[in-house]
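Novice: Structure incoming, see below.
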Amino acid sequence: MEIVAILGSPRRQGNSDMLLDTFLKECSGVTGVKILVPAQMNIEHCRGCRSCENTGLCVISDDMQKALELLIQCTGVVLSAPVFFYGFPASLKAFIDRTQCVWSRKYFLKETFPPKKGFLLSVGATRGKKLFDGVQLTTRYFFDSFGCEYTGDAFFRGFDRTGEIAGCEECLAEVRRKARNFFSSLQSLSEAADGQSENT
């Protein structure tokens, strides 16, 4: 049972990184964790050429090819990112847009992917009521493109300074609790998949 962890912030050791690190420390039954940092990857933006609608392949050759295969084959995905102008940082959004080719494989070419589950962690500086609406919707459709069920999230408002969330034990306790529930559900998914493979 492998998971993909995506660090969506362009800066390291910030609040998003701390949330993900806290989340991953609760993992159980996981054989491997692949960490992807879009800001440190060679990723071009989607050109909107629509070639993938016919081929299922992206015409751009860069780091996304390996990332896409990891997303397709894993059991779970955890995404942690800050909110920039009520959306995701540019590097992460470019990463997400490039999953258009697997969306095409699913909806145009009718390919099926192994079932998996996903979780979203996000933190923002302001306390706006709709602060996380944009990133939540984007994540739902991002996950859907490669057959990943959106199973939960944890959102934290009012944190702006680097690493500030480390001082909120209530926040970290919520992350730990939700992480344990998430990894428990992944274990059940993995066991069901193993049982199905034994019966085929």
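The values are calculated or read from the model by the stated rules, or taken from the named source; none is laboratory data. Predicted model only: the values in this text are computed from it and were never measured. Backbone-built Cβ (ideal geometry, glycine too); neighbour counts: all protein chains shown.
Novice: I'd like the residue in region 44-77 that is in a helix (DSSP H, G or I) and of a type in the set (Asp, Glu) and, out of all such residues, is surrounded by the most Cβ atoms within 10 Å (Cβ to Cβ).
Specialist: In the first step, residues of region 44-77 are kept if they are in a helix (DSSP H, G or I); the result is 52-55, 64-73.
Now drop any that are not of a type in the set (Asp, Glu), which leaves 53, 69.
Details: Glu53: 15, Glu69: 12.
In this case the residue turns out to be Glu53.
Novice: Could you tell me whether any residue of region 91-110 is closer than 22 Å to Phe159 by Cβ and not small (Gly, Ala, Ser)? Before the answer, list the steps.
Specialist: Here is the first cut: in region 91-110, the ones closer than 22 Å to Phe159 by Cβ are 91-93.
Applying the additional criterion that residues be not small (Gly, Ala, Ser) yields 92-93.
For region 91-110, residues closer than 22 Å to Phe159 by Cβ and not small (Gly, Ala, Ser): present.
Novice: Now, a different point. Just name the residue that is surrounded by the fewest Cβ atoms within 10 Å (Cβ to Cβ) out of those in region 1-24 that are more than 16 Å from Phe119 (Cβ to Cβ) and in contact with a strand residue (DSSP E or B) (Cβ under 8 Å, 6 or more places away or on another chain).
Specialist: Residue satisfying both the conditions and the ranking: Gly14.
Novice: Where residues in region 25-35 are in contact with an Asp or Glu (Cβ under 9 Å, 6 or more places away or on another chain) and surrounded by 15 or more Cβ atoms within 10 Å (Cβ to Cβ), which of them is nearest to Ala90 (Cα to Cα)?
Specialist: The qualifying residue nearest to Ala90 (Cα to Cα) is Lys34.
Novice: Restricting to region 108-131, and then to whatever is small (Gly, Ala, Ser) and under 19 Å from Phe143 (Cα atoms), can you tell me which residue is nearest to the chain's Cα centre (by Cα)? Working first, answer last.
Specialist: We begin by selecting, within region 108-131, every residue small (Gly, Ala, Ser); these are 118, 122, 124-125, 128.
Subsequent filtering for residues that are under 19 Å from Phe143 (Cα atoms) retains 118, 122.
Details: Gly118: 6, Ser122: 11 Å.
Selected residue: Gly118.
Novice: Ser185 fails exactly one of the following numbered conditions: (1) without any contact (Cβ under 8 Å) to a residue 40 or more places away in the chain; (2) part of a helix (DSSP H, G or I). What is the number of that condition?
Specialist: Against the list (1) without any contact (Cβ under 8 Å) to a residue 40 or more places away in the chain; (2) part of a helix (DSSP H, G or I), Ser185 comes up short only on (1).
Novice: I'm trying to understand the selection: among the residues of region 98-144, which are buried (at least 21 other Cβ atoms within 10 Å of the Cβ), in contact with a helix residue (DSSP H, G or I) (Cβ under 6 Å, 6 or more places away or on another chain) and farther than 17 Å from Ser80 by Cβ?
Specialist: Scanning region 98-144 gives Arg98, Thr99, Cys101, Val102, Ser104.
Novice: Something else: Give the residue, chosen from Val123, Val175, that is at pLDDT 95 or above and touching a Pro at 6+ places or on another chain (Cβ under 7 Å).
Specialist: Details: Val175 fails: touching a Pro at 6+ places or on another chain (Cβ under 7 Å).
When all the criteria are applied, what remains is Val123.
Novice: Let me spell it out: the conditions are (1) out of contact with any Phe, Trp or Tyr (no Cβ under 6 Å at 6 or more places or on another chain); (2) modelled with pLDDT of 95 or more, and Ile72 meets all of them except one. Which number is the exception?
Specialist: Among (1) out of contact with any Phe, Trp or Tyr (no Cβ under 6 Å at 6 or more places or on another chain); (2) modelled with pLDDT of 95 or more, Ile72 violates only (1).
Novice: Might you let me know whether region 153-161 holds any residue that is of a type in the set (Phe, Trp, Tyr), crowded, with 16+ Cβ neighbours inside 10 Å and touching an Asp or Glu at 6+ places or on another chain (Cβ under 8 Å)?
Specialist: Checked against the condition, which is being of a type in the set (Phe, Trp, Tyr), crowded, with 16+ Cβ neighbours inside 10 Å and touching an Asp or Glu at 6+ places or on another chain (Cβ under 8 Å), region 153-161 yields no hits at all.
Novice: Select from region 78-91 the residues that are closer than 26 Å to Gly32 by Cα and part of a helix (DSSP H, G or I) and list them in ascending order.
Specialist: Ser91, the sole residue that qualifies.
Novice: Search region 106-117 for residues that are in contact (Cβ under 8 Å) with a residue 24 or more places away in the chain and pair each with any residue that is of a type in the set (Phe, Trp, Tyr) and surrounded by 13 or more Cβ atoms within 10 Å (Cβ to Cβ) when their beta-carbon atoms are under 6 Å apart and the residues are at least 6 apart or on different chains.
Specialist: The qualifying pairs are Phe113/Phe146.
Novice: Given the residues Lys106, Lys129, Lys110, which is the only one that is among the charged types (D, E, K, R) and modelled with pLDDT under 95?
Specialist: Details: Lys106 fails: modelled with pLDDT under 95; Lys110 fails: modelled with pLDDT under 95.
Lys129 is the lone residue from the list that is among the charged types (D, E, K, R) and modelled with pLDDT under 95.
Novice: Going through region 92-133 one residue at a time, which ones are hydrophobic (A, V, I, L, M, F, W, C) and in a helix (DSSP H, G or I)?
Specialist: Looking only at region 92-133, we keep the residues that are hydrophobic (A, V, I, L, M, F, W, C), and these are 92, 94-96, 101-103, 108-109, 113, 119-121, 123, 125, 131-132.
Hits for region 92-133 are Leu92, Ala94, Phe95, Ile96, Cys101, Val102, Trp103.
Novice: How about region 71-118: which of its residues are among the aromatic types (Phe, Trp, Tyr) and more than 15 Å from Gly8 (Cβ to Cβ)?
Specialist: To start, the set of residues in region 71-118 that are among the aromatic types (Phe, Trp, Tyr) comprises 84-86, 88, 95, 103, 107-108, 113.
If the condition is that a residue be among the aromatic types (Phe, Trp, Tyr) and more than 15 Å from Gly8 (Cβ to Cβ), then Trp103, Tyr107, Phe108, Phe113 are the ones that fit.
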